[in-house]
Structures are given as C-alpha cells and as structure tokens.
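The structure under discussion appears below in the form of structure tokens.
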Amino acid sequence: MVGNEDFRHMHRPSPVSKMSDGGRLMQLLADGSSIVKESWPHTANVVVHVLFGTLALVLGLVQLATRKGGASHGARGRWFLGSVWIVVGTATTGIVLFRPRADLIAVTLLTAYWAWSGLRALRIRHVGPVARDALVSVCALVASVLLVLYLQTVRVPWAPAVIYSTLGTLVPLSLYDLARFAFPARWFETLWLYEHLVKMIGAHGSVITAFSGTVLWAWQPYSQLVPSTLWVAVMIGYVVRIRRRGAASPRVVSDVAAASG
C-alpha cells in the first residue's frame, strides 16, 4: 500500500458554516466530496462509465490481436472510439458533479487526447494538421498547466508519480502534434500510420490504466504506473513490427486507410 508520503495536501475538511453557498460548493469540491452523494445519478453515471470502459478495454485487446485494416477493423475501431468518448464524458461528469480525483482528471485528459489525435492521424493523412488540431493541442497544454496550479491551491490527495507521469506524456505529445506543422507534407504519407497505431494503443492503455488504478486502488501508484509502462512496450513492439513488415507497402497503407472509412 502506498505510504502517506506519496500523497500531498491531505487534510480534514474545514468548517464551512460561515461560507456562502458558492464557498461551500468549492470546499466540497476541494475535499473530494460528492455533490449528489450516493444518489441514483451518481450510480447511473458510474454504471455507464464501467460498462463502456469494459467494452473499450475488450475491443482494444481484439484490435491488437487481429489483422489490421479491412471493414471489421474499421467497425471495431469506431465502436472503440465511441466507447472511449462515453468513458471520457462520464468521467468528466464525475469530475464536475461528484468526486474530482486528481488522478482521474489527468488520465481523462490524456485518454481524450490520445483518442482525438489518433483519429486525426487518419483524417489528415493527405493534408497534414489544420487549425483545429493546433487548437486542441494548445487546450491540452493549458489544461495541464491549470491542473498543476489547481493541485497547488486546493487540498486533495494525489500521487505525484501518477500525475506527473500522466502529464509528462500529455505535454510532449501535444508539443509533438504542434511541431507537425513544420513537417513537409510528404512525410504524412507514411507518418500517419505510425501515429495512428501509437495513439490508438495509447488510448487503450489509458483505459486500462484508469481501470487498474481504480480497481487496485490500494496498490497506487503502481497499479497505474505498471500498466502504463507495459503499454509503452506494446507501442514500441508494434512500431517495430510494422516497420519490419514495411509500413509503406501499398497493401498495409490501403488496408488501414480503407478501415478509416
């Protein structure tokens, strides 16, 4: 079990009797309390989150284990992304209305960005990044900074190893996506395939990390750090595999491109 030294800003809830309604609400948020505690909206949100999180987890494993490209790959990919967006939406609802756990905020940001950027790698393969890609990347960077500032000003338990490793992935990823505006257009003819592969695996890895971090809470931060590390190895393994098989071959490119719809 993680020692107290791995968590910061832990405290007992301070009295809020003299606060305004807005002040009480902010104190509840800072304390990690539930606004609608043990209510059916909270339960319904958790159920939907778990169901679609499990679906995304399973679909991601199937995608990794089966042949890339083709109609079935594309269909599973669309179901996977749809499930991920529902997971992100329910997580965001939980953050705003119920318990704003710091690690949940960070992994939600990273999961959303992996999924968005992985899909965009397919969409922009002929033209390169456009203005909305830059906007999302900038928003991810701003959100990362705001989260760090938030953790310095409120008192909620958080594990630095988890938060900083998550943001330490999101920030370089966003900066890389911004740097693509300087890339020659011809690079995207083959680069998009690697990007799509890595970012979709990243989205799946984030789902697994969130799942293990929640279910195996007593083993934090290792229950999140270990799956993250393993999925980085999976990314590298698939990149090497595709590279050796010839990622730029017409069959590989046409199959995966066709799967994108």
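Computed from the coordinates by the stated procedures, all read-outs in this text should not be read as laboratory data. Owing to the predicted nature of the structure, the values given are computational and were not obtained by experimental measurement. Every residue, glycine as well, gets a Cβ built from its backbone with ideal geometry; the counts of neighbours run over all protein chains shown.
Of the chymotrypsin sites (Phe, Trp or Tyr not before Pro) found in segment 191-238, no site is in coil according to DSSP while having at most 14 other Cβ atoms within 10 Å of its Cβ. Over the C-alpha trace of segment 155-229, radius of gyration and Dmax come out as 15.6, 49 angstrom. Kindly provide log₁₀ I(q)/I(0) values, in the same order as q = 0.23, 0.24, 0.27 Å⁻¹, from the Debye equation applied to equal alpha-carbon scatterers of segment 51-130. Reported log10 I(q)/I(0), two decimals: -1.10, -1.15, -1.26.
What Kirkwood hydrodynamic radius, in Å, does segment 35-259 give when the mean of 1/r is taken over all pairs of distinct Cα atoms and then inverted? Could you put the intermediate results ahead of the total?
Values: mean 1/r = 0.0548 Å⁻¹.
Taking every pair of different Cα atoms in segment 35-259, averaging 1/r and inverting gives 18.2 Å.
Between residue 234 and residue 148, what FRET efficiency comes out of the Förster formula 1/(1 + (r/R0)^6) with R0 = 22 Å and r the beta carbon distance, rounded to 0.05?
0.20
Here segment 35-259 is assigned +1 on the Cβ of each Lys and Arg and -1 on the Cβ of each Asp and Glu. Its dipole about the Cα centre then comes out at about 580 debye.
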